């Protein structure tokens, strides 16, 4: 790790941090050693100065505790009303973050940074409210006492003998843009206390009095001064880095803090934090979960979870490593991440156990070169804590809402012991039968077989019992002197000892094998679950399908009803889209989802944000943005928050996110293609219209102006011809315009079918009458079967189909050639054929004919726009029928369309 | 009918159509007055006492059907309406409201002239008493007094309903009748919903009276609107 150049990633991170800062509001913390040093007073003074500069200052929440001087400073400042929260019969007053965000002041004053919000608030802690205000770009003034800093919590607990539970993560403090130390010498503070100028809560009067001892105050003052000085130091380093990165940039330390499921974990984390701070190093807190640890009671695992959460709050990166052996995993991880310092607890095994079974620390020391190892001792025996707080921490619920589970397996375990006794009895019976016929060594084998059986089925305890019982029975029954535990021949002592040791070793081995098999099966199941989901997702075609697949698989993996919410076009979260399936979670809260969507952070039950919500909300995102929100109602929070479960859930969510973005991309591609198609259509429409409308117009204008300017030179016959031309061309244009309008109407779906019962004969009759002129000179044969039923149709539209088909036939076949109209009843449909004796349809174009703006012969003078057949198809299809074109065997083209006969025609009594 | 030129009022908002109608109709001996709006038209109607009204259904200020209802409240002047294509429902409403005939734009002058003549003839009939009750057109002869129908001088037997249907068409020969109007006159008001009755009887009539029922020459279908007995 000797690269001298600045790491580009680091530089990028700095740039990003600067950019984020520019958007964010600025945070100013008025920092003090203890209550009563005048933080609120200083804050209000500063606020008034800003007010005087005409800045928009709002007092979000400031408690003056009735002090007159402070109260006076509030005059002339706008104060935000507090929110009232009903909680267990009492009304609590809390800072109203929603009102503040809505009001959007330039600067807002929010006192008591470490305050815990009333249950039911959006965030459990006030610093989280402030973070949201900052993210919204609002500058914040706030106040903090040194004892509330998370990393100093431990030290101050030791100094003052009082532990506060309201803490603020150091990272939050460190990220403040400005920290103003409000300092007051201890003597003066004590004087103010005596004068009653310091507000102390009634109920804790005595304890607080105890706190305000001069020694304490001096120590607290020193801590706050040092903290501020550290900050100044860090700022200076930052400045130097910014201005001369190459010179100052050093190979930074990376510290790995290894924690286990024990009381030392919290102290290790705090120590790691202090070390990291002093070295200005990155630090990582790792927890290695070995198969043994996976079998740990849930409460203990929850404790680990909580410690990891604490480490994150203190600014550490946390990892959970899953490996069969702790030391190997740590060494591998250290190499991967270039760790050069490891903080770990002192070995718990001592004496011969450490010598025999080894310890992680020893392995680390012998294998990890170039890594400094810091050992932390256990605090036992030191009397500064009234109550062992670390134990307390483990006893405490690690996450809000996480419940302890009472193990329900005692019965089964008890059964195991019964089995151990039964198996031993059985072995003894077998041994008894063999006794005298076979060597004693074989009897030992029978007992060991019994132990193996018990170990495979019932675990360590019962198999150890079986070993001990077996040794006892063997000694009692088969070793001289019989029916006594004493041993006559001392060589049997070796037999018995070996039998016991072998039995116990077998028990242990079997148990480990069993556990590993279980873990392996578990992993395999998970891999299978993921595989099956990704396989289904890969074949999904729509977002709805993705949602259904995701909800189903999430349900089967986490046994929790869940649902996925998406934002609408304007980014507001909507209630879940249909379809709801059995596994869906009803009643997801879009407002929580909105927060998650906006912040790309998990929220809801069991988290730091909106813990009052029933479900947990996770963002679903792809590489660059949040796509939706998963709302999951866990039956058991542990199933969601355990590290390996969380990893699994993350993988699920990533898969879902990818599937959704894949579908969105393909939809986008499709719509682009559709737009291109529409564009193409528009272009061909324009060219068709411009050609087909202009040609007749040219004739009309030309002919009409000729007649207009006629000075008696035109002979009557020519004149008549010109006028006939005008009428004909105008008729053509009229047809064209009608077709275009019809198509537009059909495409817009604005058409309402006026379906009634018609005799087919009447429709054909109407059409033939209308086309009388166009079909003049052509024999038209109509063949309708006897007793053809009436059809249910919109007559005007079906007439249009026939008109278009007949006009086409007239246009494309030689004058005078015949046309045929036939109808047939066919499988619950009427099949109507319009056939001609013309040249037929060019091969391979039978389908293309029905496309819009398609013309089979472009060169023909009397072409239309190419809409006629497209209109026919649209009309027939809205009637539920089909239309196709074909060439007849005997020559000529035939257009066949069907109309369904799916309803019985109305009957009418015959009159005659 | 006095030998003065018949008076026609054209209610139409488009000036070029008005100009075309005025020029053409004047040439054929009609006395033409124009109105660009419904209100103006109603005033003209009161003042000029015309023999016929040509009404465009798409007037800017009033709904065409309302204009017809307003006129029918006090006048029986024949009304020929002009309407846009595919406005079947509007045509039916206008006809049911009392219009006598319709033309779909664009139309030829020949068609217009034919409609005007039919309308004027129907308007004149009540005044002509002692009219012989025998109707003849092409090869069809209907003797209304004796209830005898013959085609090419061959008597055709009709059922009572078929005859009633034919009689109604003959009474309004040349004029379009909506399905409703025919149903109402032949079957009575309670059969208004049964347009398919009418179609079946129409088909039966065609079988008996037309040479080729699929290419009717007499009993014409006005697509989507009704029927017309051809009489010119």
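A short reminder: the numbers here are calculations on the coordinates, not readings from a lab. Just so we're clear, the structure is a prediction, and the values are computed from it rather than from any experiment. Here the Cβ positions follow ideal geometry from the backbone for every residue, glycine too, while neighbour counts run over all protein chains shown.
Name the residues of the range A:448-486 whose amide N is less than 19 Å from a point 7 angstrom out from the Cα of residue A:521 along the C-beta direction? It comes to A:452-463, nothing else. Compactness ratio for the protein assembly as shown: Cα radius of gyration over 2.2 N^0.38 Å (N = residue count) comes to 1.54. Across chain B, Cα pairs under 8 Å and at least six residues apart give a relative contact order of 13 percent.
Taken along its principal axes, the alpha carbon cloud of the range B:134-229 reaches lengths of 36, 29, 21 Å, longest axis first. Across B:150, B:83, B:190, mean-square fluctuation computed from a Gaussian network of chain B (C-alpha pairs under 10 Å connected) peaks at B:190.
Shape class of the range A:692-804 from the alpha-carbon gyration tensor: oblate, with a/c at 1.5 or above and b/c at least as large as a/b.
What does the helix-only formula give at 222 nm for chain A: each DSSP H stretch with n ≥ 4 adding -39500 (n - 2.57), the total divided by the residues, and the result rounded to the nearest 500 deg cm²/dmol? Before the final figure, lay out each step's value.
Numbers: 30 runs with 462 residues, N = 912.
When only DSSP H runs of four or more count, the value is -16500 deg cm²/dmol.
Which shape class applies to the range A:8-247: rounded if a/c is under 1.5, otherwise prolate when a/b exceeds b/c and oblate if not, where a ≥ b ≥ c are the square roots of the Cα gyration tensor eigenvalues? It comes out oblate by the Cα gyration axes.
Axis of helix B:38-48 versus longest Cα principal axis of chain B: the two differ by about 80°, to the nearest ten degrees. Under the criterion of Cα pairs below 8 Å and six or more residues apart, the relative contact order for the range A:752-900 equals 23 percent. Normalised by the residues of chain A, what does the relative contact order come to in percent, with Cα pairs under 8 Å and at least six apart? With pairs under 8 Å counted, the relative contact order is 7 percent. Against chain A, whose longest principal axis comes from its Cα atoms, helix A:39-52 is set at around 40 degrees. GNM, chain B, Cα, under 10 Å: largest mean-square fluctuation among B:98, B:29, B:110? Highest fluctuation of the listed residues: B:110. A simple spin-label model places pseudo-atoms 7 Å from Cα toward Cβ; at residue A:788 and residue A:51 they are separated by 9.3 nm.
Quick one: divide the alpha-carbon radius of gyration of the range A:410-517 by 2.2 N^0.38 Å and tell me what you get. Working shown, then result.
Values: Rg = 13.8 Å, N = 108, 2.2 N^0.38 = 13.0 Å.
Expressed relative to 2.2 N^0.38 Å, the Cα Rg reads 1.06.
Each part gets one Cα centre, and for the range B:8-74 versus the range A:43-113 those centres are 77 Å apart. Note on the range A:795-838 and the range B:165-232: Cα centroid distance 25 Å, given to the nearest whole angstrom.
Overall form of the range A:752-900: prolate. Here a/c, set by the Cα gyration tensor axes a ≥ b ≥ c, is 1.5 or more, and a/b is the larger of a/b and b/c.
Report, as an integer, the average count of C-beta atoms from other chains found within 10 Å of each Cβ along B:202-211. It would help to have the intermediate numbers written out before the result.
Values: counts 4, 7, 3, 0, 4, 1, 0, 0, 1, 0.
Averaged over the peptide's residues, the number is 2.
For chain B, a Gaussian network of Cα nodes joined below 10 Å ranks B:170, B:156, B:118 by mean-square fluctuation, and the top entry is B:156.
Taking 51 Å as R0, compute the FRET efficiency from the Cβ-Cβ separation of residue A:678 and residue A:710 and round it to 0.05. Each step should come with its number before you reach the end.
Numbers: r = 47 Å, r/R0 = 0.92.
Given R0 = 51 Å and the Cβ-Cβ separation, E is 0.60.
To the nearest 10 degrees, how steep is helix A:440-458 against the longest Cα principal axis of chain A, on a 0 to 90 scale? That works out to roughly 50 degrees.
How much FRET efficiency would the formula 1/(1 + (r/R0)^6) give for residue A:363 and residue A:505, where r is the Cβ-Cβ distance and R0 is 25 Å, rounded to 0.05?
So the FRET efficiency works out to roughly 0.70.
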